[in-house]
Amino acid sequence: MAANNRRMSGKKGAQVGSGGKRRRGLEGKGPTPPAEMRKGHAKQRAANAKARRATGRPQQRRGGGRSTSELVVGRNPVVEALREGVPASTLCVQQFIDNDERVREALQLAADRGGINLMEAPRPELDRMTNGLNHQGLVLQVPPYEYAHPEDLVAAAHDEGADPLIVALDGVTDPRNLGAVVRSVSAFGGHGVVVPERRAAGMTAGAWKTSAGTAARTPVARATNLTRALEQYQKAGVTVVGLAADGESELGDLEALDGPVVIVVGSEGKGLSRLVGETCDFRVRIPMPGGAESLNAGVAAGIVLYEAARRRG
């Protein structure tokens with residue numbers, strides 16, 4: 001009974017204290033910071049994007065993907081590719097091949113360059129590699145091309161302290177035209193070329209050859225969606241200029257070439273696609289007194305790049 005009286009008396013025995021945790025918990029953590037300063041908040045992301053646009057320098061992205069590896073087949077094509085500095089990983093030579101002048105030159109060029117593996121293989125193996133093409137005993141393996149990201153081109157221009165000068169190709173499917181544009185961009189101090197990921201020419205061995213080695217120092221970026229890539233350039237403060245035979249103004253009257261600009265060149269037959277044409281800030285035409293209806297992409301890009309370089313110089 002005495003025990004029951006002690007339980008019902010309301011007296012408490014020794015208890016473990018909270019150590020002040022409850023009191024500190026009630027004190028709070030101070031005023032709530034504004035949304036722009038809270039990590040991960042939508043307003044903070046918007047503020048960061050606004051700041052990047054104000055500086056005109058987007059965050060650099062890494063890479064725009066890789067192409068697939070490629071084979072150059074035949075004695076003359078292999079020798080020409082090696083002469084023009086086309087990247088190569090392996091030179092495959094047929095066993096017991098007739099050692100003519102082209103074979104000797106290919107072997108010498110590969111040895112002089114260094115870093116190219118030499119592999120001797122029987123004819124059936126080369127037939128299998130090339131799906132039965134007439135390889136003439138020589139096959140050159142070209143490694144996948146490492147594309148840049150479109151935003152990398154703007155970042156590279158800012159690193160140089162220069163206004164971006166970029167060429168974008170819309171619907172150009174001939175690799176030789178792509179190589180010619182890369183060569184012109186390099187010649188006139190441009191910062192790179194942008195191509196769509198689909199239905200467009202890529203950096204094949206043919207493009208490398210036409211670029212005459214300039215593809216080694218002029219980046220080519222690949223865009224999943226060209227229209228969206230152009231819109232991102234506009235947000236970064238870059239003017240988008242499309243070349244069109246029915247453009248509203250002539251090239252000589254365009255003042256935008258003095259500043260950051262992307263020159264968009266369409267295919268020789270169809271010109272700019274509808275969405276790309278609507279995205280452009282300006283649509284200009286190149287005057288052609290001789291009466292030609294159009295120019296190929298390489299020539300058109302070269303003319304505009306020359307005009308831009310002349311004004312900036």
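The values are calculated or read from the model by the stated rules, or taken from the named source; none is laboratory data. Small disclaimer: the values here were computed from a predicted structure and weren't measured. Counting neighbours? That spans all protein chains shown, and the Cβs are built from the backbone with ideal geometry, glycine included. Protein only, heavy atoms only, side chains kept; ligands, DNA and RNA dropped before computing areas. Shrake-Rupley method; radii C 1.70, N 1.55, O 1.52, S 1.80 Å.
Computed quantities for the displayed model
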quantity: Label-point separation, residue 104 to residue 134 (7 Å along Cα→Cβ), nm; calculated: 2.4 nm
quantity: Carbon/sulfur fraction of accessible area - the range 108-263, other protein chains in place, 1.4 Å, %; calculated: 45 percent
quantity: In Hz, Karplus ³J(HN,Hα) per residue of the range 179-188 (6.51, -1.76, 1.60; θ = phi - 60°; x = Gly, Pro); calculated: x, 5, 5, 4, 5, 5, 4, 5, 5, 9
quantity: Highest average packing first - 255-268, 215-228, 183-196, Cβ atoms within 10 Å; calculated: 183-196, 255-268, 215-228
quantity: 5 angstrom amide H check on residue 149, placed H, neighbours 5+ away; calculated: 63, 64
quantity: Size of electric dipole in the range 140-180: Cβ of Lys, Arg +1 and of Asp, Glu -1, about Cα centre, debye, nearest 20; calculated: 260 debye
quantity: Net charge, residue 206 excluded, C-beta distance under 11 Å - Lys, Arg +1, Asp, Glu -1; calculated: -2
quantity: Accessible heavy-atom area order of 209, 235, highest first, probe of 1.4 Å; calculated: 235, 209
quantity: Alpha-carbon Rg with Dmax, taken over the range 245-313, Å; calculated: 11.8, 34
quantity: Long-range HN-HN contacts of residue 194 with modeled amide H, under 5 Å; calculated: 167, 168, 169, 221
quantity: 5 angstrom amide H check on residue 239, placed H, neighbours 5+ away; calculated: 261, 262
quantity: Per-residue ³J(HN,Hα) for the range 263-274, Karplus 6.51 cos²θ - 1.76 cosθ + 1.60, θ = phi - 60°, Hz, x for Gly and Pro; calculated: 9, 9, 10, x, 6, 5, x, 9, x, 6, 5, 4
quantity: Diffusion constant of the range 113-175 at 4 °C, which comes from Stokes-Einstein with the Kirkwood Cα-pair radius and 1.567 mPa s, µm²/s; calculated: 80 µm²/s
quantity: For the range 66-191, Kirkwood radius (reciprocal of mean inverse C-alpha pair distance, Å); calculated: 16.8 Å
quantity: Over the range 216-271: Kirkwood hydrodynamic radius from C-alpha pairwise inverse distances, Å; calculated: 13.0 Å
quantity: Proximal charge balance of residue 239 [Cβ under 11 Å; K/R count +1, D/E count -1]; calculated: -4
quantity: Local net charge near residue 248, Cβ-Cβ under 12 Å (Lys/Arg +1, Asp/Glu -1); calculated: -2
quantity: The range 177-284 - Kirkwood radius from inverse mean 1/r over Cα pairs (Å); calculated: 14.5 Å
quantity: Accessible area in square angstrom per residue, the range 63-208, 1.4 angstrom probe; calculated: 46 Å²
